[in-house]
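A quick write-up on the structure given underneath.
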């Protein structure tokens with residue numbers, strides 16, 4: 001459980017979330033590969049290759065060397081893409097592709113941190129064109145993501161800013177300086193051993209669905225290890241939260257039935273009493289003794 005509502009006389013705090021396999025169940029960038037194919041940005045071979053990369057990522061996470069290979073491949077793949085077209089494809093398919101793979105546990109944590117008065121910041125290695133709309137969908141206050149170089153409205157294939165490893169920790173410290181966050185009281189969540197610099201920069205680090213390297217490190221350092229396993233659509237989740245629980249519904253039904261039965265019993269008693277009143281009055285008149293006449297005192 002998280003601590004209570006922030007004391008506004010103290011420095012501000014935030015919760016920093018990695019995105020892939022921490023907040024959502026897949027790689028955010030690779031999830032859009034089919035949509036990019038349908039939009040004419042990639043061919044079938046690229047779709048198959050990204051599907052394989054997604055499988056590797058889900059099966060065991062990605063170490064530093066795998067992440068570097070993926071970075072080089074994706075940078076080359078997106079060279080020449082129209083940036084506006086990418087944004088439109090992401091916007092059109094965001095709810096279809098991302099909404100169903102958001103972890104219910106992560107959505108609950110984001111809500112709890114907001115309720116406690118903390119900012120929520122998504123810090124992801126994926127590109128800003130993908131991460132920023134997902135951050136908005138999640139209700140995040142800020143987003144840190146990789147940015148590609150753009151010329152004449154198209155990606156050049158070069159990277160302007162790479163949000164990865166130690167760079168994530170630097171971004172967290174820069175945000176803390178600009179926003180006034182007290183990092184000793186901040187929270188961070190990630191699944192990857194490559195995010196250890198970000199995790200150790202805050203006072204409350206958490207390993208979520210950790211890969212082998214992070215699990216080993218979290219156990220050695222005594223960091224909490226969380227397991228997120230329930231992807232759920234936000235719309236379904238909101239509906240479920242707004243409805244009473246099943247026990248509450250049963251209790252309400254029982255109470256309503258009892259109240260109805262009580263009212264019917266009282267109504268029946270009243271009808272019986274009203275029906276019996278004439279006979280009772282007549283009978284009372286027959287048996288009631290006449291009162292003696294007391295003579296007036298002269």
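The values are calculated or read from the model by the stated rules, or taken from the named source; none is laboratory data. Please read these numbers as outputs of a predicted model, since none were measured by experiment. Counting neighbours? That spans all protein chains shown, and the Cβs are built from the backbone with ideal geometry, glycine included.
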(message) residue 73 - would you say it is at pLDDT 85 or above and assigned by TED's automatic domain parsing to the domain that holds residue 166?
(response) no
(message) Consider the range 180-195. How many of its residues are closer than 18 Å to residue 23 by Cα and either modelled with pLDDT under 95 or not in a strand (DSSP E or B) (or both)?
(response) 6
(request) May I ask you to verify whether residue 50 is in a strand (DSSP E or B) and crowded, with 17+ Cβ neighbours inside 10 Å? (result) no
(message) Can you confirm whether residue 199 is surrounded by 20 or more Cβ atoms within 10 Å (Cβ to Cβ), out of contact with any helix residue (DSSP H, G or I) (no Cβ under 9 Å at 6 or more places or on another chain) and at pLDDT 95 or above?
(response) no
(request) State yes or no: is residue 86 under 22 Å from residue 205 (Cβ atoms), in contact (Cβ under 8 Å) with a residue 24 or more places away in the chain and surrounded by 15 or more Cβ atoms within 10 Å (Cβ to Cβ)? (result) no
(request) Report yes if residue 131 is at pLDDT 95 or above, within 15 Å of residue 28 (Cα to Cα) and not in a helix (DSSP H, G or I), otherwise no. (result) no
(request) Scan the range 141-153 residue by residue and report those that are closer than 15 Å to residue 22 by Cβ and surrounded by fewer than 22 Cβ atoms within 10 Å (Cβ to Cβ). (result) 143
(request) Only one of these is outside any loop (DSSP other than H, G, I, E, B) and within 16 Å of the chain's Cα centre (by Cα): 144, 120, 90. Name it. (result) 120
(request) Give the residues of the range 69-81 that are exposed (fewer than 15 other Cβ atoms within 10 Å of the Cβ) and outside any helix (DSSP H, G or I), sorted by residue number. (result) 79, 80
(message) Just to be sure before I move on: is residue 229 at pLDDT 95 or above and not in a helix (DSSP H, G or I) in the structure I sent?
(response) no
(message) Take residue 170 and tell me if it is touching a helix residue (DSSP H, G or I) at 6+ places or on another chain (Cβ under 7 Å), over 21 Å from residue 28 (Cα atoms), modelled with pLDDT of 95 or more and outside any loop (DSSP other than H, G, I, E, B).
(response) no
(request) Keeping to the range 12-47, report how many residues are modelled with pLDDT under 95, surrounded by 16 or more Cβ atoms within 10 Å (Cβ to Cβ) and either in a loop (DSSP other than H, G, I, E, B) or out of contact with any helix residue (DSSP H, G or I) (no Cβ under 7 Å at 6 or more places or on another chain) (or both). (result) 8
(request) Specify which of the listed residues (162, 187, 181) is touching a residue at least 60 places away in the same chain (Cβ under 8 Å) and surrounded by fewer than 17 Cβ atoms within 10 Å (Cβ to Cβ). (result) 162
